[in-house]
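Everything on this sheet refers to the single structure shown next.
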Amino acid sequence: MDLIADIRSQLDELAARSLVRRRRTAESACAPRQLVDGRELLAFCSNDYLGLAAHPRVVEALREGAALYGAGSGASHLVSGHGRAHAQLEERLAAFEAPHLEQARALYFCTGYMANLAVLSALGSDPSAMIFSEALNHASLIDGARLARAGVSVYPHGDVAALEAQLAASAASTKIVVTDSVFSMDGDLAPLPALLALCERHGAWLVVDDAHGFGVLGEHGRGALEHFALRSPNLVYVGTLGKAAGVGGAFVAAHEAVIELLVQRARPYIYTTAAAPALAHALLASVDIIAGEEGRARRAHLRALIAQLDGQLRLERWQRPPSHTAIQPIIIGANDEALAVSAALHEQGLWVPAIRPPTVAPGTARLRVTLCAAHTENDVAQLAAALNRLERK
């Protein structure tokens, strides 16, 4: 019982600091208007940026995939779990990102978290290597660096000069710079062109986690590499497929030699059961939508909604960092106030989560507003009006 008492003490401490996390239960498909715990809410919290999670073509492809391949894969990719749908998806994704990579090949993972663990632990497997990690990187990148045998050096957020000094001073046998493309709590973009120039100058890899950029950024939705018109053999690209693509999983795209190294050495890939082939089959439909005219139209509508929110918010006390992406943070500061504002929005039928430490720095608790191409102008106007009213109370 002393063990249980210790755990309860830890939980009580979280509650005293307004840091307890609570789950809500969604009872309908992921969409702007969703039944949650028995009540319809207008949601501004999913990462389904293009509104594909419930798209009829994607849903039908998932149904078709289940009919073709069953409910599960049965084993890891290297045993018997690698199906035709997985292979087709990897070929499609490699071709999609090929304009930005040399001899592109892609590898599909169950989750983005696993993909990041795999890349950093495989590329950084030598103790003489060094990983240069952005200060605001996602937890999966931080954990991937911890799993690697390489040393780790953290550079300040967006500070190209500091990174250049670290690279110049390093005698590491292999240098790996790793960064988010779109930072998940602030919505800003990493200075990828400057980072890539540094990596090419210093013979380093640039690992880009484009979780919030794939499908959204770029004319064709190829993500941050297309947005910045980048191409290099030094690039290792991680794209998430459970956000803008609307389904689940992730992929790594890079030079074919890098992908082969992951197949041979990446423990998060080797030692886990492959995702259901039906998911990969559904993702083929998602990628087709992203790459086509409908994807282009959805991205244009999303950009218009971002501009609308920017024009309609009239905040004076809360901070709103500049963001041209679907992630629109409203920094409130104190944990308890952020929770209170989120609760007040919930009372008005708006689902906007409060994000608190350790996800963000102490004193920067915030509302993390995310917009979706399935939102309407009226939806965004309703949110902006509610935020403006609450801030003035």
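The values are calculated or read from the model by the stated rules, or taken from the named source; none is laboratory data. Everything numeric here is computed off the predicted structure, so don't read it as measured data. Please note: Cβ atoms are built from the backbone with ideal geometry, for glycine as well, and neighbour counts cover all protein chains shown.
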*Right, Val252: buried (at least 24 other Cβ atoms within 10 Å of the Cβ), at pLDDT 95 or above and either on the phi < 0 side of the Ramachandran plot or among the aliphatic types (A, V, I, L, M) (or both) or not?*
yes
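Before we move on, is Leu68 in contact with a Leu (Cβ under 9 Å, 6 or more places away or on another chain) and not β-branched (Val, Ile, Thr)? If you could, list the steps in order and put the result at the bottom.
Values: in contact with a Leu (Cβ under 9 Å, 6 or more places away or on another chain): no; not β-branched (Val, Ile, Thr): yes.
Considered against the rule, which asks whether it is in contact with a Leu (Cβ under 9 Å, 6 or more places away or on another chain) and not β-branched (Val, Ile, Thr), Leu68 comes out as no.
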*Could you list all residues from the stretch 111-129 that are surrounded by 24 or more Cβ atoms within 10 Å (Cβ to Cβ) and outside any helix (DSSP H, G or I)?*
Gly124
*asked:* I'd like the residue in the stretch 194-212 that is without any contact (Cβ under 8 Å) to a residue 60 or more places away in the chain and in a loop (DSSP other than H, G, I, E, B) and, out of all such residues, is surrounded by the most Cβ atoms within 10 Å (Cβ to Cβ).
replied: Asp210
*Taking Ala229, is it free of Cβ contacts under 8 Å to residues at least 12 places away in the same chain, more than 30 Å from Thr376 (Cβ to Cβ) and of a type outside the set (S, T, N, Q)?*
yes
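Using the structure shown, decide if Tyr113 is touching a strand residue (DSSP E or B) at 6+ places or on another chain (Cβ under 9 Å), under 13 Å from Leu279 (Cβ atoms), assigned by TED's automatic domain parsing to the domain that holds Arg265 and not polar (S, T, N, Q).
On the way: touching a strand residue (DSSP E or B) at 6+ places or on another chain (Cβ under 9 Å): yes; under 13 Å from Leu279 (Cβ atoms): no; assigned by TED's automatic domain parsing to the domain that holds Arg265: yes; not polar (S, T, N, Q): yes.
Here the answer is no, as Tyr113 does not meet what is asked.
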*asked:* Suppose we filter Glu164, Glu102 for residues that are charged (D, E, K, R), in contact with a helix residue (DSSP H, G or I) (Cβ under 6 Å, 6 or more places away or on another chain) and surrounded by fewer than 18 Cβ atoms within 10 Å (Cβ to Cβ); which single one remains?
replied: Glu164
*Scope the stretch 329-374; condition out of contact with any Gly (no Cβ under 8 Å at 6 or more places or on another chain), among the aliphatic types (A, V, I, L, M), over 27 Å from Ala307 (Cβ atoms) and part of a loop (DSSP other than H, G, I, E, B); matching residues*: Ala361
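Out of curiosity, is Arg368 modelled with pLDDT of 95 or more and in the same structural domain as Cys45 (by TED's automatic domain parsing)? Quick ask: steps written out before the conclusion?
On the way: modelled with pLDDT of 95 or more: yes; in the same structural domain as Cys45 (by TED's automatic domain parsing): yes.
Taking the combined requirement at face value, the residue satisfies it.
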*Mind checking which residues of the stretch 140-168 are in contact with a Ser or Thr (Cβ under 8 Å, 6 or more places away or on another chain) and of a type in the set (Gly, Ala, Ser)?*
Gly144, Ala145, Ala148, Ala150, Ser153
*asked:* Of everything in the stretch 19-53, what is surrounded by fewer than 16 Cβ atoms within 10 Å (Cβ to Cβ), closer than 19 Å to Gly246 by Cα and touching a Gly at 6+ places or on another chain (Cβ under 8 Å)? Give them in sequence order.
replied: Glu27
*For Ser323, indicate whether it is under 16 Å from Leu371 (Cβ atoms) and of a type outside the set (A, V, I, L, M, F, W, C).*
yes
*of a type in the set (Gly, Ala, Ser), surrounded by fewer than 16 Cβ atoms within 10 Å (Cβ to Cβ) and either within 23 Å of the chain's Cα centre (by Cα) or at pLDDT below 95 (or both): does that describe Ala94?*
no
*What are the residue pairs meeting all of these: first residue in the stretch 50-70, first residue farther than 14 Å from Arg298 by Cβ, second residue part of a loop (DSSP other than H, G, I, E, B), Cβ atoms under 7 Å, and 6 or more apart or on different chains?*
Tyr69/Gly83
